[in-house]
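> Once you've had a glance at the structure underneath, I'll fire off some questions.
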Amino acid sequence: MRRLKGSRVQAKLIEWVEIAPGVRHFVFEAPQLERLEFAPGQFVSLSDSVGSKNITRAYSIASQPGNGNRFELCLNRVDDGAFSPHLFDLSAGDVVNMQPPLGTFTLRQPLRDSLLVATGTGIAPFRSMLKAVLQADSPVFTLLFGVRHESHLLYRDEFEQMVREFPQFRFWPTLTQPGPDWTGRTGRVQMHLAEAIGGRSDIDIYLCGLQPMVDDVRQILKGMGFDRKQIRYEKYD
Ligand SMILES: Cc1cc2nc3c(=O)[nH]c(=O)nc-3n(C[C@H](O)[C@H](O)[C@H](O)COP(=O)(O)OP(=O)(O)OC[C@H]3O[C@@H](n4cnc5c(N)ncnc54)[C@H](O)[C@@H]3O)c2cc1C
């Protein structure tokens, strides 16, 4: 079957699991495709009729390439949102429309030591990237991940497993509202940037999350003298 770039296909929900309060990990497949081709960091656009409107929203792919036509998303339910509550109402087997993967929020080549900064569901593209690239001889990757509560450390077990497996992977979660038992980093990601960068100027930096964090961190990095080319970012809003 001939498929034009950008043409719409279906995305069928296979299953979902709640991974934090109000956050779900979704497994979809694209039944009309044999393989979903994408680069880690790219997003799909899902669309459907909600009430009388057709609504489209972008979602970063959270899984690594190579799972045939299956892919995974990590979604926050925005309570008064137009589309995310609709996706949370889907049951296994339900279908929405999808525009195949797009986006330039991908890893620069050649790979070099990198800092990945995420807040909330901004972790999704980094899960894809890390699953795809971490191996014995990969460069150093530091994941600085900010959330409010410990229960919102999405995919924590997976990242902790990556730390055990790959000595060059550093996982730095930080909480803005830590419980009494939390002994790790606290405060916003901005507070830990300088330590994560460690005086280096020869690294790439990737930012993903809502606009206030991304804009603020870009400003800080600019002040530190980082070149625009060294910084890639994806804003969710
Ligand atoms: C390239 C790209 C990739 C994206 N990837 C993801 C993803 O992997 N997971 C994901 O949950 N969202 C992602 N988003 C956001 C997503 O497209 C929607 O904006 C989000 O689901 C809200 O849509 P809505 O129609 O429910 O809310 P709307 O009615 O559009 O309301 C928008 C409000 O929701 C807020 N908002 C948007 N995204 C989030 C979020 N993730 N968490 C909290 N508040 C949010 C905005 O600040 C705004 O106030 C991505 C956006 C872009 C542009």
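> In the list GLN109, GLN99, which residue meets the criterion of being closer than 18 Å to PHE126 by Cα, polar (S, T, N, Q) and open to solvent by 40 Å² or more (accessible area, probe 1.4 Å)?
Working: GLN99 fails: closer than 18 Å to PHE126 by Cα.
The match here is GLN109.
> Within the range 153-168, is there a residue that is free of Cβ contacts under 8 Å to residues at least 40 places away in the same chain, more than 16 Å from the chain's Cα centre (by Cα), near the ligand (Cβ under 10 Å from one of its atoms) and within 24 Å of VAL27 (Cβ to Cβ)?
no
> Between ASP237, ASP202, which is under 23 Å from SER60 (Cα atoms), outside any strand (DSSP E or B), open to solvent by 20 Å² or more (accessible area, probe 1.4 Å) and among the acidic types (Asp, Glu)?
Numbers: ASP202 fails: under 23 Å from SER60 (Cα atoms).
The match here is ASP237.
> Let me ask something else. Please identify the pairs in which a residue from the range 129-140 that is among the hydroxyl-bearing types (Ser, Thr, Tyr) has its Cβ atom under 8 Å from the Cβ atom of a residue that is surrounded by 14 or more Cβ atoms within 10 Å (Cβ to Cβ), counting only partners at least 6 apart or on another chain.
Within 8 Å, the pairs are SER138/PHE166; SER138/GLN168.
> Name the single residue, out of those in the range 205-232 being outside any strand (DSSP E or B) and closer than 16 Å to PHE105 by Cα, that is most open to solvent (accessible area, probe 1.4 Å).
Of all residues in the range 205-232, those outside any strand (DSSP E or B) come to 210-230.
Next, only the ones that are closer than 16 Å to PHE105 by Cα stay: 210-211, 214-215, 218, 228-230.
Numbers: LEU210: 95, GLN211: 78, VAL214: 0, ASP215: 52, ARG218: 81, ARG228: 206, LYS229: 140, GLN230: 22 Å².
Among those residues, the one meeting the criterion is ARG228.
> Identify all residues within the range 82-96 that are surrounded by 15 or more Cβ atoms within 10 Å (Cβ to Cβ) and either under 16 Å from ALA39 (Cα atoms) or within 12 Å of the ligand (Cβ to nearest atom) (or both); write none if there are none.
Result: PHE83, SER84, HIS86, LEU87, PHE88.
> Just to be sure I understand the filter: pairs with C-beta atoms under 9 Å, separated by 6 or more residues or on different chains, first member in the range 218-237 and under 14 Å from LEU116 (Cα atoms), second member surrounded by 13 or more Cβ atoms within 10 Å (Cβ to Cβ) and modelled with pLDDT under 95. Which pairs pass?
none
The values are calculated or read from the model by the stated rules, or taken from the named source; none is laboratory data. All of these numbers come straight from a predicted model, not from anything done at the bench. Here Cβ is always computed from backbone atoms with ideal geometry, including for glycine, and neighbour counts include all displayed protein chains. Note: accessible area is taken over every heavy atom of the protein model, side chains too, but ligands, DNA and RNA are not part of it. Shrake-Rupley method; radii C 1.70, N 1.55, O 1.52, S 1.80 Å.
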